[in-house]
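The values are calculated or read from the model by the stated rules, or taken from the named source; none is laboratory data. Predicted model, so just to flag it, every value in this text is computed and none were measured. Quick reminder, even Gly has a Cβ in these numbers, built from the backbone with ideal geometry, and neighbours come from all protein chains shown.
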Amino acid sequence: MTAVASPVALCGALADDTRWEILRRLGEQPLSASELAQRLPVTRQAIARHLGVLHEVGLVEPAKEGRQLRYRALGQPLTQLARDLENIGQAWEQRLDRLRAIAEARAHP
């Protein structure tokens, strides 16, 4: 398995509509590149490139099933990214609360 990439690399990989749709579909069930190409309006070669990007950042994992290579989504990198974003959001909320308290204290001495 590929090591989990940085949050910036994960966001970069997710910033493409086709990769987002591929990841969404792989979250529902493992699929091969050919199966994805049948369901999406892009070529098999484009799907393979998108899967390569997703695999490189640790969002999907290939597994050999008979003659086919099927990909499945990996949830851990997304869970960690969501935690990181939540922490950033909470930090900003705390800063805004402190600024609000300072402004209110100055407005009503």
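Quick notes on this one:
- Considering residues of the range 13-23 that are surrounded by fewer than 17 Cβ atoms within 10 Å (Cβ to Cβ) and touching a residue at least 24 places away in the same chain (Cβ under 8 Å) only, the residue nearest to residue 57 (Cα to Cα): 16
- Residue list for the range 55-77, restricted to those being touching a Pro at 6+ places or on another chain (Cβ under 6 Å) and of a type in the set (Gly, Ala, Ser): 58
One line per residue, one yes/no per condition, for (1) at pLDDT below 95; (2) polar (S, T, N, Q):
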{"site": "6", "(1), (2)": "yes, yes"}
{"site": "17", "(1), (2)": "no, no"}
{"site": "26", "(1), (2)": "no, no"}
{"site": "35", "(1), (2)": "no, no"}
{"site": "62", "(1), (2)": "no, no"}
{"site": "66", "(1), (2)": "yes, no"}
{"site": "75", "(1), (2)": "yes, no"}
{"site": "78", "(1), (2)": "yes, no"}
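- Among (1) touching a helix residue (DSSP H, G or I) at 6+ places or on another chain (Cβ under 8 Å); (2) loosely packed, with under 14 Cβ neighbours inside 10 Å; (3) at pLDDT below 95, the one test that residue 39 misses: (3)
- Scan of the range 23-49 for residues that are assigned to a helix (DSSP H, G or I) and within 15 Å of residue 75 (Cβ to Cβ), ordered by number: 23, 24, 25, 26, 27, 28
- Top-ranked residue in the range 54-72 [being surrounded by 16 or more Cβ atoms within 10 Å (Cβ to Cβ) and within 19 Å of residue 16 (Cα to Cα); ranked as farthest from the chain's Cα centre (by Cα)]: 71
- Total residues in the range 16-33, condition within 15 Å of the chain's Cα centre (by Cα) and either at positive phi or of a type in the set (Gly, Ala, Ser) (or both): 1
- Hits in the range 50-109 (condition: assigned to a loop (DSSP other than H, G, I, E, B), small (Gly, Ala, Ser) and within 19 Å of residue 7 (Cβ to Cβ)): 58
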